1. Can you check what the Kirkwood hydrodynamic radius comes to for the range 5-170, Cα pairs only, in Å to one decimal?
2. What does the helix-only formula give at 222 nm for the chain: each DSSP H stretch with n ≥ 4 adding -39500 (n - 2.57), the total divided by the residues, and the result rounded to the nearest 500 deg cm²/dmol?
3. Using a Förster distance of 30 Å, how high is the FRET efficiency between residue 173 and residue 23, based on the Cβ-Cβ distance and rounded to 0.05?
4. Would you mind putting 56-65, 260-269 in packing order, based on average other-beta-carbon counts within 10 Å, highest first?
5. Please report, for the Cα atoms of the range 176-315, the Rg to one decimal and the Dmax as a whole number; what are they, in angstrom?
6. Can you tell me the Rg and the Dmax, both Å, for the Cα atoms in the chain?
7. Pairs of Cα atoms under 8 Å, at least six residues apart: use those to get the relative contact order of the range 176-315, whole percent.
8. Over the range 171-258, what is the mean sequence separation of C-alpha contacts under 8 Å (at least six apart), divided by residue count, expressed as relative contact order in percent?
Ligand code: 2P0
């Protein structure tokens, strides 16, 4: 029986998006990306290797996962067993502290927490960079959730060179995000499959690679200058170009719903009234609004004309991963 290790990882929202792999086995992305880790949403995961167990036993939010759902996690645990020499099956208990109806991505915080807890429980001692590389093998966005504040994932060219590092942590200026949690619609396509289709079929993909290089440079400068307007402007255009890739894929798809456009238009109206706020969107209908903390009240008041108060969650920059051993 191994020791029991618990890890807590926060989710992150990309400001310059990752949307496409160049190696699906090693999970190497086509481009780098930059994100902000949030305080409000996190995953806590406990792992213990137990040689009495016939197979991995995964409990997610209090429910035991059946084999098909547990497969991606077991495959990731196999990688850790291979790297550590640990041979036992694992008991994994994971809790997602993301409002249940939120539909916000949890694979970033989920695989970051699992990588940290399972590697330590298996007897490995990894540096933050090594942990970031390991989390990448579970899910691309998890690479960035090892760190707090603003984080850059370097695309790299092999397993060794593809990892994230902090750009600014703690964040010492006033930037927050408001998540607008919209009605769940059947997800048209998973992130993994959606980005693969885009890389394979969008005629605009070469332009995405080029413009993302410029956005990364501009975003680094904007973060370093603590310039909310520049951060928001670059984030908005990266998000819209990512979603334009989806519309240009064959067959085309979109994560937007009518409510998504209502939230986007509210942000545009607020901006026309002189309020510094910008939107970004991931692989789902929810809109995240980048703004200063002092403006959150006026923004949520405007949003409440179309959405319920429970659909609006204000989040601040959050910390990197923490690991404890029992
Ligand atoms: C991101 N997203 O940079 C982008 C923007 C969503 C939109 O990374 O296939 O769950 O596991 O690497 O990380 C969501 O995709 O996909 C994502 P895999 P992942 O945050």
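Every number here is computed from the coordinates shown, using simple stated rules; none is lab data. All values derive from a computational prediction rather than experimental measurement. Every residue, glycine among them, receives a Cβ derived from its backbone with ideal geometry; neighbour counts consider all protein chains shown.
1. 15.7 Å
2. -12000 deg cm²/dmol, from helical runs alone.
3. Numbers: r = 36 Å, r/R0 = 1.21.
Calculated transfer efficiency: 0.25.
4. Details: 56-65: 15.9, 260-269: 17.6.
The packing order, highest mean first, is 260-269, 56-65.
5. Rg and Dmax of the range 176-315, Cα atoms, are 15.6, 43 Å.
6. 19.4, 64
7. Result for the range 176-315 is 40 percent.
8. 39 percent
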